[in-house]
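A.B. asks: One structure follows; several queries about it will come next.
The values are calculated or read from the model by the stated rules, or taken from the named source; none is laboratory data. Note that the structure is a prediction, hence the values are computed from the model and not measured. Here the Cβ is made from the backbone with ideal geometry for all residues, glycine too, and neighbour counts use every protein chain on show. The area values use the complete protein model at the heavy-atom level, side chains included, leaving out ligands, DNA and RNA. Shrake-Rupley method; radii C 1.70, N 1.55, O 1.52, S 1.80 Å.
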Amino acid sequence: MIRIATPDDIPVLHALVRELAAYEKALDEVVASEEQLTEALFGDRPAAYAHVATADDDSGDGDVVGFALWFLNFSTWRGVHGIYLEDLYVRPERRGGGHGKALLTELARICVERGYERLEWSVLNWNAPSIAFYESLGARPQDEWTVYRLTDGALASLGGGAA
């Protein structure tokens, strides 16, 4: 049901990213291309990794129905890497079939196997079904932290200015 993504999965990964963005009411913010995903996941210096969930029904077609895209982070407090889960998405018609849990289980397995001590991600505050799902697995919100982000003009302004 879960496997490492391959370059052949790029078109469906790109489609799933767009579906996730639409679900999160932010489709207009997606500018990533299939070429960018290919480079990030399979280029000379991969910066991200992906696993896909495939259909496990009687059709036997192995269609990709969900994905997890992640990268390594590092905890200075713990002194080891962790995994930051950038995106987790399962198509709505396949939810409840164990695909999301299987994807998270695989990432947790990688953490344990490699000695990573954290598996982290963000979830939109309004996404009650996902929050309930994550909490059912034992995940807890880190509500003492607020995420900040620089993008677009603010990033260009700060990055182009003299320090």
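A.B. asks: Which residue out of Tyr134, Tyr116 is under 21 Å from Ala68 (Cα atoms), open to solvent by less than 80 Å² (accessible area, probe 1.4 Å) and in contact with a His (Cβ under 9 Å, 6 or more places away or on another chain)?
C.D. replies: Values: Tyr134 fails: in contact with a His (Cβ under 9 Å, 6 or more places away or on another chain).
After applying the criteria, what remains is Tyr116.
A.B. asks: A further question follows. Does any residue of the range 52-64 turn out to be modelled with pLDDT under 95 and either among the aliphatic types (A, V, I, L, M) or part of a helix (DSSP H, G or I) (or both)?
C.D. replies: Looking through the range 52-64, at least one residue is modelled with pLDDT under 95 and either among the aliphatic types (A, V, I, L, M) or part of a helix (DSSP H, G or I) (or both).
A.B. asks: Find the residue count for the range 85-100, including only residues that are within 8 Å of the chain's Cα centre (by Cα) and open to solvent by 50 Å² or more (accessible area, probe 1.4 Å). Explain how you work it out, then say what you get.
C.D. replies: Of all residues in the range 85-100, those within 8 Å of the chain's Cα centre (by Cα) come to 85-89.
Then keep just the ones that are open to solvent by 50 Å² or more (accessible area, probe 1.4 Å); that gives 86.
Number of matching residues: 1.
A.B. asks: Would you please list the contacts, defined by Cβ atoms under 6 Å and residues six or more apart or on different chains, that run from a residue in the range 28-51 that is at negative phi to a residue that is assigned to a loop (DSSP other than H, G, I, E, B) and open to solvent by less than 90 Å² (accessible area, probe 1.4 Å)?
C.D. replies: Here the result reads Ala40/Ala47; Ala40/Ala48; Leu41/Ala48; Ala50/Ala5, each pair linking the range 28-51 to a residue that is assigned to a loop (DSSP other than H, G, I, E, B) and open to solvent by less than 90 Å² (accessible area, probe 1.4 Å).
A.B. asks: May I ask you to verify whether Arg91 is closer than 30 Å to Thr151 by Cα, out of contact with any strand residue (DSSP E or B) (no Cβ under 9 Å at 6 or more places or on another chain) and of a type in the set (Lys, Arg)? Step through it out loud before you land on a result.
C.D. replies: Numbers: closer than 30 Å to Thr151 by Cα: yes; out of contact with any strand residue (DSSP E or B) (no Cβ under 9 Å at 6 or more places or on another chain): no; of a type in the set (Lys, Arg): yes.
No, not satisfied.
Per-residue answers, yes or no, for (1) open to solvent by 60 Å² or more (accessible area, probe 1.4 Å); (2) touching a strand residue (DSSP E or B) at 6+ places or on another chain (Cβ under 6 Å); (3) farther than 27 Å from Glu19 by Cβ; (4) of a type in the set (Lys, Arg):
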site	(1), (2), (3), (4)
Ala53	no, yes, no, no
Phe67	no, yes, no, no
His81	yes, yes, yes, no
Leu103	no, yes, no, no
Thr151	yes, no, no, no
Gly159	yes, no, yes, no
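A.B. asks: Here's another thing I want to ask about it. Just to be sure I understand the filter: pairs with C-beta atoms under 7 Å, separated by 6 or more residues or on different chains, first member in the range 71-99 and modelled with pLDDT of 95 or more, second member among the polar types (S, T, N, Q). Which pairs pass?
C.D. replies: Note: pairs meeting the criteria are His81/Asn73; Gly82/Asn73; Gly82/Ser75; Tyr84/Asn73.
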